[in-house]
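Notes for the one structure printed next.
The values are calculated or read from the model by the stated rules, or taken from the named source; none is laboratory data. Predicted model, so just to flag it, every value in this text is computed and none were measured. Heavy atoms of the whole protein, side chains included, go into the accessibility calculation; ligands, DNA and RNA do not. Shrake-Rupley method; radii C 1.70, N 1.55, O 1.52, S 1.80 Å.
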Amino acid sequence: MRWWDIERVFRLERELFPEDAWSRGMFWSELAHARGPSATRRYVVAEEDGRLVGYAGLTSAGASADGAEGTDGTTGTADVQTIAVRRDHWGTGLGSRLLTELLRAATAFECVEVLLECRIDNVRAQKLYERFGFETIGVRKGYYQPGNVDALVMRLTDPSASVDPTGPRDLATPVASTIPATPVNGVEGTETHG
């Protein structure tokens with residue numbers, strides 16, 4: 001994701017998550033930490049025929065893009081910030097591909113675990129995360145506002161073990177030509193946000 005993608009990402013964000021959509025400023029702030037040797041974020045977009053069909057983002061703590069150790073000697077924890085797939089692309093494997101890309105980033109950041117929050121009422125997303133090996137470790141009451149919806153806190157240890165190294169890597173290539181006949185890790189695409 002680059003600065004010129006923000007307006008399209010913001011429009012899709014508002015369409016998919018009208019109650020708790022991120023602001024443009026939040027995306028700008030995240031991208032400010034996504035480049036250079038001290039980058040701590042990875043944001044990607046997926047396009048089909050020039051149309052934005054999905055995006056995802058991850059942040060890491062205690063690690064940097066060059067794999068440098070954190071101040072406590074560990075290599076860090078990543079947090080999935082968002083995954084979104086246009087409704088007409090649900091069931092195509094795109095959600096799985098976006099999550100795979102985030103797990104590759106977590107691996108590149110040398111993170112030992114990945115955390116995320118998932119709406120308690122978003123069963124599609126929960127199934128996606130569980131197929132990748134995420135486990136529920138807690139609940140955050142009223143996390144999603146203004147709807148006061150609880151969030152499941154989920155964790156994946158060793159993100160490198162959940163990534164198919166032979167899967168598609170180039171999200172800039174048109175979606176229709178890069179989705180494998182069998183979805184990565186047997187997971188179909190979904191709308192997720194966490």
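Once Rh for the stretch 1-140 is found with the Kirkwood sum over Cα pairs, what is the Stokes-Einstein diffusion coefficient at 10 °C and 1.306 mPa s, in µm²/s? Rounded to a whole number, D works out at 102 µm²/s. Remark: the stretch 72-151 carries 41 Å² of accessible area per residue (probe radius 1.4 Å; ligands, DNA and RNA excluded). Counting protein heavy atoms only, the stretch 1-54 has 52 percent of its accessible area on carbon and sulfur, 1.4 angstrom probe.
Shown are LYS127, LYS141, whose ranking by accessible area with a 1.4 Å probe and every protein chain present, most to least, is LYS141, LYS127.
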